[in-house]
Each structure stands twice: as structure tokens, then as C-alpha cells.
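Peer 1: Take a look at the following structure, please.
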Amino acid sequence: MKTKKGEMRSVWRSKETLMMIDQRRLPHSLEVFEAKTLEDVVFCIKEMVVRGAPAIGIAAAYGTAIGIATGCGAGRTSTSLKSSRPTAMDLFHAVDHIIESARSGQNSFIAADSYCEEVVDKCRSIGRHGAGLIRDGMRILTHCNAGALASVDYGTALAPLRVAHQDGRRIFVYVDETRPRLQGALTSWELLNEGIEHRIIADNAAGYYMRAGKVDMVIVGADRITANGDFANKIGTYEKAVLAKENSIPFYVAAPSTTFDFSLASGESIEIEERDEAEVLEILGKRITPNGARALNPAFDVTPARYVTGFITEKGIFKPEDVKRFLGSP
């Protein structure tokens, strides 16, 4: 990932300390959070110091290693991390993977390093496969942030855009602001650093541009994808999928195999995280709503498979009905 301070990843290890770009401070300040304990890592995941399904999974992998190294035990470590954010599949997969590696005699930090590199390689492949869909001059809409910040390096939904741009294709990106956490600002920060032309738009402006024929494709990430192709992603994704279908716009989901949960038959079984209502009632700690007003704040919604044109994975691009056959269990 390019930043004004050079190339860096959003999550990395320094001996037995987990280092993370503090995404709460972006885009105005680039700060690094150091997590030395299991509790530190749980805090970072809960409070969105780190966010994005692959990056959460990698942080959880290192958090598991830290928990084991500091004597927390596999049970406590697993329970603490898995309860921090219940929707993202990568987190659960990473914790189980590192615990199993430790039980087989591997050093848990080295296992976490390996897990991290495997996810980065998957995202790199997603970029190569997805870039083939992007023609010169295309106008692409994305929702939430699914770039290098959300996946340590390369990104998921942004990876094809980066590769297409590096190959010399002209692209324009509509960046949903993505309330209530305004993660569109993170996407804009990444695109600015990459030199990719874009504009931030209000979430409810997407339909206007789709109906006007100014959007050629939608690409989003995912937090959990079930066996039938239903998937959970940042709240507001379902609306974009319905609008895309109505306006005959291809709708793609970019995700590594670690995001797929074949133990769930459909999206009806995905647990949706409910976050603090203050995220809706306030912006940057300043209340924007009347005193006494209350809010509801689901962090994700579920989009049925019938709205998905295809899943962009490290193994290729597949229709929802073909994903399980080609990917199998991660």
C-alpha cells in the first residue's frame, strides 16, 4: 500500500508486538497502534483500530499467537477474539488455524506470519483476476473500504482497480461515503495515494448515478459468504445490489476463500453485529442529532446470491452456484 510515508502494510509484527495503522485516525493522521496483549488486540478489533475482514483475520491470527505466548490459553484466547466482532468469517478461520498450528507444534508467531502472507497472496491474485473485467474508461462504484487497509496489502474490491490502473487503463471510481463510520474516506485516501481518479458520493446518491447510466460496474468486498452465495457486507451493500440489478449493472464481490463459510446454508444464518448507537448519533465525537434521540446501528446487511454477477476470488471468478464446487472448504 502506498502512503505519503512510503510503502507499508496496515498490519505487521515486530517481534511479539502487533503493529497496526490506527484506522480511527485516518485520513487526517497516520498513526501506529502497538498491541502487546490479547486484550489490546481484542480492543483493536472491537473499536475498529483495524477493520476489514481479511485484516481483522490477520490481526486475530497474531492476537492468537500473543494470547498463547502470554499464557492466556487456547480457550480464553479463542473466546475473547471470536466475540470481538461476530460477523467476519476471516476472524474465526484465523483463530482456529493458529490454534491448530500451535497444537501441531508450530511456533504460533511464525504460523501467523505464514497466514498473513497467504492472505496477501490471495488478494494479489484477486487483483489479477478482477482486473480482466475492467475495460479502459470504466466507471466503477464501490461501497465501504475494501483496499489494502482492510486486507493488510493489495485489497479485495480495490485490488482489481489498482491492477487495472497500473496496467494503464483509465478508470473512475464512485466512492460511497458509507455511513455511519464514513469508511469511504479511507477508500479515498487509498485512491489518492494510488493516483486513481474518483469522487466521494453520499450513500443515497448511488441510485441517481446508476439510473443516469453513469456506472458501469459495482465491486464490493464481503465479511462472510455462505454456501449458496448469500453474503454479508457493510450496511448499505444490499441496497447497492438491488439498484444494480434494477439498472442492469454487473455486481461483483471480491473476497479470498477465507471469507467463505460453507457451514452456513444461506445468509439467514449469518449473525449481524449491532454496534453502538453513538456511531449514528455522532460524527467524530460531536452529536449531530437532538438530545434524547435514539438510533439503531446494524453494522452489516445480507445480500441474496441472486443479485451477485460473480465472486472474484484468488482462484478465479465464479457465479454464486459454482463457488462451493471450485473453492471447496477454505
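Peer 1: Please state which one of S114, S104, S83 is modelled with pLDDT of 95 or more and surrounded by fewer than 21 Cβ atoms within 10 Å (Cβ to Cβ).
Peer 2: On the way: S104 fails: modelled with pLDDT of 95 or more; S83 fails: modelled with pLDDT of 95 or more.
Being modelled with pLDDT of 95 or more and surrounded by fewer than 21 Cβ atoms within 10 Å (Cβ to Cβ) holds for just one of S114, S104, S83, which is S114.
Peer 1: Is one or more of the residues making up the range 270-281 farther than 19 Å from I126 by Cβ, at pLDDT 95 or above, surrounded by 20 or more Cβ atoms within 10 Å (Cβ to Cβ) and hydrophobic (A, V, I, L, M, F, W, C)?
Peer 2: yes
Peer 1: Counting only residues that are aliphatic (A, V, I, L, M) and without any contact (Cβ under 8 Å) to a residue 40 or more places away in the chain, which one in the range 52-80 is surrounded by the most Cβ atoms within 10 Å (Cβ to Cβ)?
Peer 2: Initially, the range 52-80 is screened for residues aliphatic (A, V, I, L, M), giving 53, 55-56, 58-61, 65-66, 68-69, 74.
With the extra rule that they be without any contact (Cβ under 8 Å) to a residue 40 or more places away in the chain, the set shrinks to 56, 60, 74.
On the way: I56: 28, A60: 35, A74: 17.
Selected residue: A60.
Peer 1: Right, next: Within the bounds of the range 293-302, is there any residue that is farther than 27 Å from A148 by Cβ and buried (at least 20 other Cβ atoms within 10 Å of the Cβ)?
Peer 2: no
Peer 1: Which pairs do you get when a residue that is closer than 17 Å to A185 by Cβ and of a type in the set (G, A, S), found in the range 195-214, comes within reach of a residue that is at pLDDT 95 or above and in a helix (DSSP H, G or I), reach meaning Cβ atoms under 7 angstrom, with the pair 6+ apart or on two chains?
Peer 2: Partner pairs satisfying both residue conditions: A206/K240; A206/L243.
Peer 1: Something else about it: Could you check how many residues of the range 231-286 are among the basic types (K, R) and under 18 Å from A146 (Cβ atoms)?
Peer 2: Number of matching residues: 2.
Peer 1: Moving to a separate point now. Checking T187 against (1) touching a Leu at 6+ places or on another chain (Cβ under 9 Å); (2) of a type in the set (S, T, N, Q); (3) at pLDDT below 95, which single condition isn't satisfied?
Peer 2: (3)
Peer 1: Something else now. Return the residue satisfying two criteria in turn: it lies in the range 86-101 and is surrounded by fewer than 23 Cβ atoms within 10 Å (Cβ to Cβ) and hydrophobic (A, V, I, L, M, F, W, C), and of such residues it is nearest to the chain's Cα centre (by Cα).
Peer 2: The selected residue is F92.
Peer 1: Within the range 2-19, does at least one residue satisfy the condition of being over 22 Å from the mean Cα position of the chain (by Cα), on the phi > 0 side of the Ramachandran plot and not aliphatic (A, V, I, L, M)?
Peer 2: Looking through the range 2-19, at least one residue is over 22 Å from the mean Cα position of the chain (by Cα), on the phi > 0 side of the Ramachandran plot and not aliphatic (A, V, I, L, M).
Peer 1: Check the range 29-44 and report whether any residue there is aromatic (F, W, Y), farther than 21 Å from R181 by Cβ and not assigned by TED's automatic domain parsing to the domain that holds G285.
Peer 2: Checked against the condition, which is being aromatic (F, W, Y), farther than 21 Å from R181 by Cβ and not assigned by TED's automatic domain parsing to the domain that holds G285, the range 29-44 yields no hits at all.
Peer 1: As an exercise: evaluate K122 against (1) under 20 Å from G310 (Cβ atoms); (2) within 18 Å of the chain's Cα centre (by Cα); (3) surrounded by fewer than 16 Cβ atoms within 10 Å (Cβ to Cβ) and give the number of the one condition it does not meet.
Peer 2: (3)
Peer 1: Looking only at the range 211-230, how many residues end up being out of contact with any helix residue (DSSP H, G or I) (no Cβ under 6 Å at 6 or more places or on another chain) and more than 21 Å from L182 (Cα to Cα)?
Peer 2: Of the residues in the range 211-230, 6 are out of contact with any helix residue (DSSP H, G or I) (no Cβ under 6 Å at 6 or more places or on another chain) and more than 21 Å from L182 (Cα to Cα).
Peer 1: Find the strands (runs of 3 or more DSSP E) located wholly in the range 1-90 whose residues include 2 or more that are within 26 Å of L161 (Cα to Cα) and touching a strand residue (DSSP E or B) at 6+ places or on another chain (Cβ under 6 Å), and list them.
Peer 2: Of the strands (runs of 3 or more DSSP E) lying wholly inside the range 1-90, those with at least 2 residues that are within 26 Å of L161 (Cα to Cα) and touching a strand residue (DSSP E or B) at 6+ places or on another chain (Cβ under 6 Å) span 11-14.
Peer 1: In addition: Hey, could you check the range 218-247 for residues that are more than 15 Å from T156 (Cα to Cα) and of a type in the set (A, V, I, L, M, F, W, C) and say which is surrounded by the fewest Cβ atoms within 10 Å (Cβ to Cβ)?
Peer 2: That would be V242.
The values are calculated or read from the model by the stated rules, or taken from the named source; none is laboratory data. Nothing here was measured: the structure is a model prediction, and the numbers come from that model. So basically every Cβ, Gly included, is an ideal-geometry build from the backbone, and we count neighbours across all protein chains shown.
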